[in-house]
1. Could you give each residue of the stretch 126-132 its phi-based ³J(HN,Hα) in whole Hz, using Karplus coefficients 6.51, -1.76, 1.60 with θ = phi - 60°, and x for Gly or Pro?
2. Just to be sure I understand the model, the point goes 7 Å from the Cα along the line to the Cβ. What's the resulting residue 179 to residue 125 distance in nm?
3. Please work out how much length the chain gains when fully extended from residue 42 to residue 168, using 0.36 nm per residue of separation minus the C-alpha to C-alpha distance, in nm with one decimal.
4. Given H placed 1.01 Å from N in the peptide plane, which residues other than close sequence neighbours of residue 118 have an amide H under 5 Å from its amide H?
5. Given a cut-off of under 8 Å on Cα pairs at least six residues apart, what relative contact order in percent is computed for the stretch 61-186?
6. Cα gyration tensor of the stretch 46-106, axes a ≥ b ≥ c as square roots of the eigenvalues: rounded (a/c below 1.5), prolate (a/b > b/c) or oblate?
7. Roughly how big is the chain's charge dipole about its Cα centre, with Cβ charges of +1 (Lys, Arg) and -1 (Asp, Glu), in debye to the nearest 20?
8. With viscosity set to 1.306 mPa s at 10 °C, what whole-number translational diffusion coefficient in µm²/s follows for the chain from Stokes-Einstein and a Kirkwood radius over Cα pairs?
Amino acid sequence: MANAAHKRRTRNLVDHRIQLGFARIVVSYLALYTLFLVLMFAVPIVYLMQTVEGTEATYQAVGRFMLGDSMFWGLLIIFSVVIAIHSVIMTQKFAGPIFVFRRHLTRLKNGELSRIQLREKDQLQDVKNLLNEHIDQLGEHMTSIGSCIESLESISAEIAKNGGSTDDLQKEINRLKELREKGWHYSA
């Protein structure tokens, strides 16, 4: 029996905004490419077919155009480079935040607790906000543990001053200090 965590996802559209945004970009690229091909191939070929007399001459003119039109091949290369550059710029809005999340999660693993900052136009802002809320809560817990330790230390000092035994209390204080040291170091 398969583990419930590894079940196949039943919904393909899990984040409408992101997925439909990518779909819109891909469809725009395809429409632009189709328009480019129509303008660079169909228009000149139709023009050649109307201006050249005879079927054989028409085919030869179209063949010469297809193979020898350096303007077409130059524009195709320029078009491809522009699309590649635009793709890198568009994916940077996702790759950047993923890089930042990875870096912060590594820092969290090593005990450093700090807020995540993204550029204004980056995607995944909602995930950043959720992680920052969680980091703030962890920071509050670590601050609370620190103040509890200080309070217990002052109580322990008061008990010791009055001649009482503070061994058990001191053990608990040391255990909390270890827990705090092994925990996170919060920096806002």
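1. Whole-Hz 3J(HN,Hα) from phi for the stretch 126-132: 5, 5, 4, 5, 5, 5, 5.
2. In this crude label model, residue 179 to residue 125 measures out at 3.8 nm.
3. 36.5 nm
4. Result for residue 118 returns nothing.
5. Relative CO of the stretch 61-186 lands at 26 percent.
6. Prolate, since a/c reaches 1.5 and a/b exceeds b/c.
7. That gives a dipole near 400 debye.
8. Numbers: Rh = 23.7 Å.
Taking Rh from Cα pairs, D becomes 67 µm²/s.
The values are calculated or read from the model by the stated rules, or taken from the named source; none is laboratory data. What you see is a predicted model; the values in this text were computed from it and never measured. All Cβ positions, glycine included, derive from the backbone under ideal geometry; neighbour counts span all protein chains shown. When the accessible area is computed, the model is the full protein with side chains, heavy atoms only, and any ligands, DNA or RNA have been set aside. Shrake-Rupley method; radii C 1.70, N 1.55, O 1.52, S 1.80 Å.
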